[in-house]
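Notes follow once the structure below has been shown.
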């Protein structure tokens, strides 16, 4: 797959711009998913192509909920008609843009179970999830998107919210604190990869994916 080799991103970059670029890459991948691929497996073992797209739309709806001051964990993920995933994604992206249109949100204190800080910090924590799940979808559907250097670099820069080891224990604690009956582990233990590997490979490996699969 075409990959970025960038390792850093300017500190003065508006995270909404980075998020917008990540959304654009996902848009191109979703637009090229064929109906006959919806039941195909993805590198994320719990999700096929259909449920991966449902999850991605759900991620955007949680981002939008944060911007609106709502509970992101109250968001429910819903299936779209088989031929309407690009439209569902575009609508979710529009909701995010509207929810985060106020510049003051970037300095407002916010918190998730795995990250606390300004709105900009919390928003930035989603770069990795969106990019890795877009990679999942691209691999599952045989696509090679043009990864945006700035997005991949920003996702790598924000990876510290995910511990390098003992992720099961961390997510067990998060689930317990949230009162969840099941332990949700979206990312497995990191996969070893060469330090000189392309940035997208290092990102997905950090998140428990084998970039060589």
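The values are calculated or read from the model by the stated rules, or taken from the named source; none is laboratory data. The model shown is predicted, which means the values in this text are computed figures rather than measured ones. Glycine gets a Cβ as well: all are built from the backbone with ideal geometry, and neighbour counts include every protein chain shown.
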Hey, among the residues in region 69-108 that are in contact with a strand residue (DSSP E or B) (Cβ under 8 Å, 6 or more places away or on another chain) and either part of a helix (DSSP H, G or I) or buried (at least 18 other Cβ atoms within 10 Å of the Cβ) (or both), which one's modelled with the lowest pLDDT?
72
Within region 148-168, does at least one residue satisfy the condition of being modelled with pLDDT of 95 or more and not in a helix (DSSP H, G or I)?
yes
Just give me the residues in region 37-68 being modelled with pLDDT of 95 or more, outside any helix (DSSP H, G or I) and under 12 Å from residue 133 (Cα atoms), in sequence order.
42, 48
Subset tally (residues that are free of Cβ contacts under 8 Å to residues at least 24 places away in the same chain and either buried (at least 20 other Cβ atoms within 10 Å of the Cβ) or under 16 Å from residue 89 (Cβ atoms) (or both)) for region 118-159:
0
Pairs, please: C-beta under 8 Å, at least 6 apart or cross-chain, first residue on the phi > 0 side of the Ramachandran plot and in contact (Cβ under 8 Å) with a residue 60 or more places away in the chain and in region 17-39, second part of a helix (DSSP H, G or I) and surrounded by fewer than 20 Cβ atoms within 10 Å (Cβ to Cβ)?
none
